[in-house]
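Structure, as structure tokens:
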Amino acid sequence: MALAAAEGSALEARLNDCLRGYDQGLLDLARILVSESAKDYPNGPLYWNEAADGFIGSLVARHTSGLETRTRGVLGKEVLGRLRDYAVAHLDEPIEVAALAEIAGRSPFHFSRVFTRSVGMTPHRWVVQLRLQRAIELVREGRSGLAEIAARTGFADQSHLSRWVRRVNGVSLTQLVV
């Protein structure tokens with residue numbers, strides 16, 4: 001859910017305490033995820049990632065509800081949208097928490113706490129997630145080398161990018177995009 005919120009598709013959604021009704025589609029996706037994980041990803045990690053995206057998307061679409069009232073101590077959808085726009089426009093540059101806090105109109109300390117509560121991950125991890133998503137897109141396009149992709153997405157070098165991909169996805173960058 002945290003990643004769906006970070007991507008903007010579930011910013012104000014809450015997972016229902018109890019899933020209502022029988023959801024064969026969701027059950028099928030869960031079985032695919034379990035099977036792929038248990039068998040060491042026979043169809044490749046990209047297949048697993050797409051199944052996981054489908055699972056989260058289905059969960060958000062059919063088993064969440066919007067917040068009834070604006071929760072105190074969280075960032076609104078509009079502010080999160082502005083933060084995302086800024087981060088995407090500046091992926092190749094250092095993105096400081098102070099700059100994000102200024103966009104949100106908060107002190108850096110308060111912003112970090114409220115952001116983590118709103119999105120489910122720290123601002124730093126969120127920026128890294130955005131950078132990784134863009135880097136994977138660029139690798140799939142196949143028009144740039146890994147060193148150039150690392151520079152264009154704000155990683156120190158190719159090694160730094162590769163370490164983050166393995167840390168987040170559990171596989172190397174080349175295995176992820178095969």
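Charging the Cβ of each Asp and Glu at -1 and of each Lys and Arg at +1, and nothing else, the dipole of the stretch 114-175 about its Cα centre rounds to 200 debye. The 1.4 Å probe gives accessible areas that order Trp126, Trp164, largest first, as Trp164, Trp126. One way to sum up the overall shape of the stretch 72-168 is the equivalent ellipsoid from its Cα gyration tensor, whose semi-axes run 27, 12, 11 Å, largest first. When only Cα pairs below 8 angstrom with a gap of at least 6 residues are kept, the stretch 100-178 shows a relative contact order of 17 percent.
The values are calculated or read from the model by the stated rules, or taken from the named source; none is laboratory data. These numbers were taken from a predicted model, which means no experiment stands behind them. We place every Cβ from the backbone using ideal geometry, glycine too, and count neighbours over all the protein chains shown. With ligands, DNA and RNA removed, areas are computed over all heavy atoms of the protein, side chains included. Shrake-Rupley method; radii C 1.70, N 1.55, O 1.52, S 1.80 Å.
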